[in-house]
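Written out below as structure tokens is the structure these notes cover.
The values are calculated or read from the model by the stated rules, or taken from the named source; none is laboratory data. Computed from a prediction, not measured in an experiment: that's the story for all the values here. FYI the Cβ positions are ideal-geometry reconstructions off the backbone, even for glycines, and counts take in every protein chain you see. Remember, those area values only see protein heavy atoms, side chains included, never the ligands or the DNA or RNA. Shrake-Rupley method; radii C 1.70, N 1.55, O 1.52, S 1.80 Å.
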Amino acid sequence: MLDLLQSASDGVLYGATYALIGIGFTLVFGVMHKINMAYGAASVGGAYLGLMVLKLGAGLPVPLVFFGSFLAGGLLGWMVYLACFHFIPLSSPLATLMSTVGMLLLIDEVIVHTTDGMPQNYPALFDDVMLRFGEFTLRGDLLLVFLVSVACMAGLLALLYRTRLGLATRAVSQQAIAAQLCGIRLAQVNVTTFVITGLLGGIAGAMIGAAVGTLSPLLTTPLTVKGLIVTVIGGLGSVPGAIVAGLLVGGFENVIQLYRGVTERDLYVMLLLFAFLVFRPGGLFAPAGGRN
Amino acid sequence: MPALLEVADLVTAYGKIEALKGVTLEVAEGGITCLLGPNGAGKTTLMYSIAGILKPRRGSIRLRGEELGGCAPHEAVSRGIALVPENRLVFPSMSVIDNLEAGAYRRQGGRTGRGEIDADLQRMFGRFPRLKERSAQLAGTLSGGEQQMLAVARALMSRPKLLLMDEPSLGLAPLVVEEIFRIVSELHRDGTTVFLVEQNAHMALKVAQHFYLMEQGRVSFSGDPGSLAEDEVIRRAYLGSAK
């Protein structure tokens, strides 16, 4: 029983990174009704760039690596928008899917070539800290991952619900024509959404690096798949849904790992996705359609 | 009265199909002008072209003599055009008050102070008491009539010179339609210029001073309410056969 609780809580803490990635997919989908397949790779790319900053300036304080990843993620988000969306006809549903899959492969290749395919050690913070409650423990590094992710989500929600930019973003994702009639510029909202999701992705990538202890190009594909699963389970376009689903998937996979081992883990995550697609295809928080 | 809006020889196309085939009409300042026409005549296309959502292929749209044709929707809003779109298109998962805030989007964060926008919000709540009661409710949960009022109030939040309304009575119960038209004539009394698309000619006859009829992308009739009621074809198609 304690093992179960321990795995679930470790998984939920790590799941905060899935939630961040899910938010990134879901926000872009909400605003543009497009899937940005390059998002997971760009997030890992942001983490790599943050790590490079740390290596170039030896002696810099380690937390700076997170800030570097944050900024690099935003920059990559903007570049992904320019390369994969800005010049591509948005009316064609397949065009941006192909361009972002291309970008996913490109980012992967760039990472492999610049690091000779070798995993890079990532500085872990607070990995020597351990909160103990009897037999039950909370790992300091996972706790940091969780708290930073939650702080980012809180920041995002404040942005969405308390600012003019957030108002515009919500308006565009709910009714794009009416948003334009209110004088909101679609292109502007689109590009800022990419930068903001990129910033979140950079943080998520950095957190994953910190929790795993290494960065490797092998992270991108599972992260993309998990992010998409979280997005679907949460409900496409729903930010609260992505948060809940991210924590849920994180906890679920860790519990499965405890009982069935790491080799079977993702199989059950896929089954969970399948169950949702069959029994609740709109996800946990299907956005309200409104009466029309 | 001088014309606030002049549309001349406007052509708007979807690919190869021309939905507007050279539309020319005027909207008098301070008046209510009504555009009638069957489904598929191009009425909504005309509204979207004026509001900048669709790019016209040819022709001109002038507001007080200034060319608007081809400008982006946000520029049209800044120049003083607001459209209450067909089917209302409220933001369903946003509160009533956020919907209204979105209507004032271009006035926010700029020179207009917060106080002015808040004052306008209060004026809207004065005009539409139902919206005040439901200000925290999500717009998607409102009834059709309430959503229509929200859409009108949202458009007014931009302080437009010209209010375009695309079939505000569509799908609403007769009593609610009466209320919508009462609001239209109130707005008119307060000095707002209204360009109204309607299928309900009976109601429109009570408020509008000038009528256009559009068929297959062209204006086929222009006249005052008297000449509209006398026109044999229109009477049969829009007012029923009874005289």
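Taking region A:51-63, which residues are in a helix (DSSP H, G or I) and over 13 Å from A:Thr214 (Cα atoms)?
Start the filter on region A:51-63 by keeping residues that are in a helix (DSSP H, G or I), which leaves A:51-56, A:63.
Scanning region A:51-63 gives A:Met52, A:Val53, A:Leu54, A:Lys55, A:Leu56, A:Pro63.
Which of (1) hydrophobic (A, V, I, L, M, F, W, C); (2) within 13 Å of the chain's Cα centre (by Cα); (3) surrounded by 18 or more Cβ atoms within 10 Å (Cβ to Cβ); (4) within 14 Å of chain A (Cβ to nearest Cβ) is the odd one out, the single condition B:Leu170 does not satisfy?
That leaves (3) as the condition not met.
Does B:Pro92 satisfy being part of a loop (DSSP other than H, G, I, E, B), crowded, with 16+ Cβ neighbours inside 10 Å and either at the interface with chain A (Cβ under 10 Å from one of its Cβ atoms) or not aliphatic (A, V, I, L, M) (or both)? Before you say what the answer is, go through the steps one by one.
Working: part of a loop (DSSP other than H, G, I, E, B): yes; crowded, with 16+ Cβ neighbours inside 10 Å: yes; either at the interface with chain A (Cβ under 10 Å from one of its Cβ atoms) or not aliphatic (A, V, I, L, M) (or both): yes.
Yes.
I need the full set of residues from region A:168-202 which are open to solvent by 10 Å² or more (accessible area, probe 1.4 Å), at the interface with another protein chain (Cβ under 7 Å from one of its Cβ atoms) and part of a helix (DSSP H, G or I), in order please.
Hits for region A:168-202 are A:Arg170, A:Gln174, A:Ile177, A:Gln180, A:Leu181.
Among the residues of region A:211-267, write down those that are among the polar types (S, T, N, Q), open to solvent by 20 Å² or more (accessible area, probe 1.4 Å), touching a helix residue (DSSP H, G or I) at 6+ places or on another chain (Cβ under 8 Å) and under 26 Å from A:Leu51 (Cβ atoms).
Scanning region A:211-267 gives A:Thr221, A:Asn254.
Any residue that is surrounded by fewer than 19 Cβ atoms within 10 Å (Cβ to Cβ), out of contact with any Lys or Arg (no Cβ under 8 Å at 6 or more places or on another chain), in a loop (DSSP other than H, G, I, E, B) and in contact (Cβ under 8 Å) with a residue 24 or more places away in the chain - is there at least one of those in region B:98-120?
Scanning region B:98-120, I find no residue that is surrounded by fewer than 19 Cβ atoms within 10 Å (Cβ to Cβ), out of contact with any Lys or Arg (no Cβ under 8 Å at 6 or more places or on another chain), in a loop (DSSP other than H, G, I, E, B) and in contact (Cβ under 8 Å) with a residue 24 or more places away in the chain, so the answer is no.
Report the residue count in region B:18-37 for those that are within 18 Å of B:Gly223 (Cβ to Cβ) and either in a strand (DSSP E or B) or open to solvent by 20 Å² or more (accessible area, probe 1.4 Å) (or both).
Filtering region B:18-37 down to residues within 18 Å of B:Gly223 (Cβ to Cβ) leaves B:23-28, B:31-37.
If we keep only those that are either in a strand (DSSP E or B) or open to solvent by 20 Å² or more (accessible area, probe 1.4 Å) (or both) as well, we get B:23-28, B:32-36.
Residues meeting the conditions: 11.
Go through (1) surrounded by fewer than 20 Cβ atoms within 10 Å (Cβ to Cβ); (2) more than 14 Å from chain A (Cβ to nearest Cβ); (3) not polar (S, T, N, Q) and name the single condition B:Cys71 misses.
Of (1) surrounded by fewer than 20 Cβ atoms within 10 Å (Cβ to Cβ); (2) more than 14 Å from chain A (Cβ to nearest Cβ); (3) not polar (S, T, N, Q), only one is false for B:Cys71: (2).
Being within 14 Å of chain A (Cβ to nearest Cβ) and of a type in the set (Lys, Arg) is the filter here, so list the residues in region B:112-133 that pass it.
Once the filter is applied, which keeps residues that are within 14 Å of chain A (Cβ to nearest Cβ) and of a type in the set (Lys, Arg), region B:112-133 yields only B:Arg114.
Kindly indicate the residue of region B:42-63 that is assigned to a loop (DSSP other than H, G, I, E, B) and out of contact with any Asp or Glu (no Cβ under 8 Å at 6 or more places or on another chain) and also nearest to the other protein chains (Cβ to nearest Cβ) among those meeting that condition. So that I can check it myself, show each step before the final result.
Going residue by residue through region B:42-63, those that are assigned to a loop (DSSP other than H, G, I, E, B) are B:42, B:52-57.
Filter once more, so that each one left must be out of contact with any Asp or Glu (no Cβ under 8 Å at 6 or more places or on another chain): B:42, B:53-56.
Values: B:Gly42: 17, B:Ile53: 6, B:Leu54: 10, B:Lys55: 13, B:Pro56: 16 Å.
Residue satisfying both the conditions and the ranking: B:Ile53.
Taking into account only those residues within region B:135-160 that are within 14 Å of another protein chain (Cβ to nearest Cβ) and assigned to a loop (DSSP other than H, G, I, E, B), which is nearest to B:Arg79 (Cα to Cα)? Give the steps one after another, and end with the answer.
Narrowing region B:135-160 to residues within 14 Å of another protein chain (Cβ to nearest Cβ): B:136-148, B:150-160.
Now narrow it down to the ones that are assigned to a loop (DSSP other than H, G, I, E, B): B:136-137, B:142-143, B:157-160.
Details: B:Ala136: 30, B:Gln137: 31, B:Leu142: 31, B:Ser143: 32, B:Met157: 14, B:Ser158: 10, B:Arg159: 10, B:Pro160: 8 Å.
Among them, the one singled out is B:Pro160.
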